[in-house]
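K.L.:
Got a structure for you, written out below as structure tokens; questions coming shortly.
The values are calculated or read from the model by the stated rules, or taken from the named source; none is laboratory data. Fair warning: this is a prediction, and the values are worked out from it, not measured in the lab. When we count neighbours, we look across all protein chains shown, and the Cβ atoms used for this are built from the backbone with ideal geometry, even at glycine. Calculation scope for accessible area: heavy atoms of the full protein, side chains included, ligands and nucleic acids excluded. Shrake-Rupley method; radii C 1.70, N 1.55, O 1.52, S 1.80 Å.
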Amino acid sequence: MQLTFNSSQTLAETATQFSSYFSLLKIEFFNTNHSAHEGTLPSEILDKNLTWESLGVKKELVIEFDAAFSVVKMESLIKEITGVGAQIYRNSHGTWLQTTATDSLTLAEQQEKAEEYAHSVDDSEEVGDYHEQE
């Protein structure tokens, strides 16, 4: 798998490329950086319509990666190569969560967690079966 960053490409195009590998994960780019197991404020998210050139990327850059990369490794590589902060999110019951508590999990493990949540049934508000005694 690879993630490309070229001058005419938008952040949205890069994010779409990432999500094509992991349908229940997404990546956001930030104008600030964070450490492992730390979140980033939504107000710091960069506009998806920005091009990589506007952020200082003048030539095509490529990250070769696989599903065994940890979230923290992937985010660190993006920062190292582009100079832009990145945060990976996982879909959980339709809500996008920053993977701060699980940064050490691999991308494959994050995808699996999201799939588990997608297929689980939240019955916490469901009333249990009621059977009258005869």
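K.L.:
Tell me the residue from GLU80, GLU64 that is in contact with a strand residue (DSSP E or B) (Cβ under 8 Å, 6 or more places away or on another chain), farther than 19 Å from ALA12 by Cβ and open to solvent by 60 Å² or more (accessible area, probe 1.4 Å), please.
P.N.:
Going through GLU80, GLU64 in turn, just one is in contact with a strand residue (DSSP E or B) (Cβ under 8 Å, 6 or more places away or on another chain), farther than 19 Å from ALA12 by Cβ and open to solvent by 60 Å² or more (accessible area, probe 1.4 Å): GLU64.
K.L.:
Kindly establish whether SER35 is open to solvent by 50 Å² or more (accessible area, probe 1.4 Å), at pLDDT below 90 and of a type in the set (Gly, Ala, Ser).
P.N.:
Taking the combined requirement at face value, the residue satisfies it.
K.L.:
Being of a type in the set (Val, Ile, Thr) and either over 28 Å from ALA118 (Cα atoms) or open to solvent by 30 Å² or more (accessible area, probe 1.4 Å) (or both) narrows it down to one of THR99, THR16, so name that one.
P.N.:
Just a single option satisfies the conditions, and that option is THR16.
K.L.:
Also, quick follow-up: Anything in region 83-95 that is modelled with pLDDT of 90 or more and either open to solvent by 40 Å² or more (accessible area, probe 1.4 Å) or part of a strand (DSSP E or B) (or both)? List them, or say none.
P.N.:
Correct list: GLY83, GLY85, ALA86, GLN87, ILE88, TYR89, ARG90, ASN91.
K.L.:
Could you pull out the residue among ILE88, ILE81 that is closer than 25 Å to THR4 by Cα, among the hydrophobic types (A, V, I, L, M, F, W, C), in contact (Cβ under 8 Å) with a residue 12 or more places away in the chain and out of contact with any Asp or Glu (no Cβ under 7 Å at 6 or more places or on another chain)?
P.N.:
Step by step, each of ILE88, ILE81 is checked, and only ILE81 is closer than 25 Å to THR4 by Cα, among the hydrophobic types (A, V, I, L, M, F, W, C), in contact (Cβ under 8 Å) with a residue 12 or more places away in the chain and out of contact with any Asp or Glu (no Cβ under 7 Å at 6 or more places or on another chain).
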